[in-house]
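J.: Let me begin by handing over the structure; questions about it come next.
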Amino acid sequence: MCLAIPVRIVRIEGETAIGEVNGVEREVSLIMTPEAKVGDYVIVHAGFAIQILDRQAAEETRQLFDRMAQAVEERRRQAGKRTG
Amino acid sequence: MLVNERVKGLCQERGEIRLMEVCGTHTMAISASGIRRAVDPRLKLLSGPGCPVCVTTDAEIDTARRLAERPGLVVVTFGDMIRVPGSHGSLAEAKAEGADIRVVYSPQDGLKMAMAEPEKEFVFLGVGFETTAPTVAATVLAAAERGVRNFSVLTMFKLIPPALEFIASAKKMKIDGFILPGHVSTVIGAKPYEFLVQRFGLPCCITGFEPADILEGILLLLEQMERGPGLAIQYRRSVRPEGNRVAQQLMSGIFEVADAEWRGIGRIRNSGLRLKPDWQNFDARLRFGLRSARSSRPASGCRCGEVLLGLITPSECPLFCRVCTPEAPMGPCMVSSEGACAAYYRYER
Ligand code: SF4
């Protein structure tokens, strides 16, 4: 039930933003993330942004995931060589 | 797999490793992604009490249902709650019998409804953990600012750190580390978990919800088991060490800590929230003179309580699949989309 998803802010009107997820616009309250700007991604739960996504951390995590996937792929290839 | 190599190393000195994924969203993700099956069987990933609907007691559901039966009163709730059985049936059944129960995505929607229909009373079911409580606090604040008098909240919030303290103190559970919830921690930060490391010496990792997040979280926990316990934040893109201060202030401005009853666990001190005295005119219990009924033991033989504590897996419940299915659920762990029994039913049979 604590599901929350990243939403990109398209417009801001006072404490409310219009955010976009997969091409669908929805209202998001920014009362808990007053520093959020247009273009930021916010983590949204039950209609409220509960945090601004840290882009640098997101990018580092993505790179780490890529490296993990590569390592798995590499091992699979080596295992394939050994058995095949 | 990197995880399995570590498990192999660690298991030379111990039989098994027991990590608890506290949050229901983790339970679902671990089942759906196949992680639970892919890891070395000596690494046990146990579900915890982190599904708010699952830990809601029969008595709380019954109270909500009794409220919904009042004429002119609308119960507003998140969708997750609607099919959970109380001792006299679910809210869905009450709705079928004519009660006005409405499902919303945000508590704000409930407030909007109350403003559009001032002749009716609207009660929002305040279910959830620290992730959800600030959203309801913000809504109460908005209701007060707009002078809305026909909106109130039935608080059933639960807090995660006291439940973890309960689990860490109970010896029989033998937990070796916690995969901590990402979105609860987005709000509360890391500090409230420090006691788990300091007092209990338990490895902890605040973890995100993608399968790769979870694998990294598990790796960090296994590393801590080798090198000594700590409190890691894997889900850095959302979690700051201090959490979200505005959300915390909203929560502590409107609510105060109170004892709470957890399904299968019982009463845990200071593990819930209620409205502060200044905000009591938004308290549905006071507004409608509700007495909270005592929870009774589930008569059906449902063992959700043990599932929620990681004492048994859903497959060890004799009713699982045979009597209890998502179509005919016997307990909330099968009803909720994040319940451990529902996760095992869908992905791990
Ligand atoms: S399988 Fe059904 S009866 Fe058994 S613990 Fe889970 S919800 Fe309860």
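The values are calculated or read from the model by the stated rules, or taken from the named source; none is laboratory data. Computed from a predicted model, the values in this text were never measured in an experiment. Cβ placement follows ideal geometry from the backbone for every residue including glycine, while neighbour counts extend to all protein chains displayed. Accessible surface is based on the protein model in full, side chains and every heavy atom, while ligands, DNA and RNA are left aside. Shrake-Rupley method; radii C 1.70, N 1.55, O 1.52, S 1.80 Å.
To keep it simple, each residue is scored yes or no on (1) more than 14 Å from the chain's Cα centre (by Cα); (2) within 8 Å of chain B (Cβ to nearest Cβ); (3) charged (D, E, K, R).
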site	(1), (2), (3)
A:Ser29	yes, yes, no
A:Lys37	yes, no, yes
A:Ala46	yes, yes, no
A:Ile50	no, yes, no
A:Ala57	no, yes, no
A:Met68	yes, yes, no
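J.: How many residues does the range B:191-210 hold that are open to solvent by 10 Å² or more (accessible area, probe 1.4 Å) and within 14 Å of another protein chain (Cβ to nearest Cβ)?
T.: Looking only at that region, the number is 2.
J.: Among the residues of the range B:274-314, write down those that are more than 16 Å from the ligand (Cβ to nearest atom), modelled with pLDDT of 90 or more and among the polar types (S, T, N, Q).
T.: If the condition is that a residue be more than 16 Å from the ligand (Cβ to nearest atom), modelled with pLDDT of 90 or more and among the polar types (S, T, N, Q), then B:Gln280, B:Asn281 are the ones that fit.
J.: Out of the residues in the range A:1-16 meeting the condition of being within 13 Å of chain B (Cβ to nearest Cβ) and among the hydrophobic types (A, V, I, L, M, F, W, C), tell me which one is most open to solvent (accessible area, probe 1.4 Å).
T.: Only one residue tops the list, namely A:Leu3.
J.: The conditions are (1) within 14 Å of B:Ala340 (Cβ to Cβ); (2) within 14 Å of chain A (Cβ to nearest Cβ), and B:Ser47 fails exactly one of them. Which is it?
T.: With respect to (1) within 14 Å of B:Ala340 (Cβ to Cβ); (2) within 14 Å of chain A (Cβ to nearest Cβ), B:Ser47 is out only on (2).
J.: Let me spell it out: the conditions are (1) within 14 Å of chain A (Cβ to nearest Cβ); (2) more than 15 Å from the ligand (Cβ to nearest atom), and B:Ser336 meets all of them except one. Which number is the exception?
T.: So B:Ser336 meets the others, but not (2).
J.: What do you reckon, is B:Pro181 on the phi < 0 side of the Ramachandran plot and buried (at least 22 other Cβ atoms within 10 Å of the Cβ)?
T.: Yes; evaluated as a whole, the condition is true for this residue.
J.: So, one more: Output the residues belonging to the range B:10-44 that are within 20 Å of B:Tyr193 (Cα to Cα), surrounded by 22 or more Cβ atoms within 10 Å (Cβ to Cβ) and away from every other protein chain (no Cβ under 14 Å).
T.: B:Leu19, B:Met20
J.: When you check B:Ala328 against the structure, is it in contact (Cβ under 8 Å) with a residue 40 or more places away in the chain and more than 8 Å from the ligand (Cβ to nearest atom), yes or no?
T.: Here the answer is no, as B:Ala328 does not meet what is asked.
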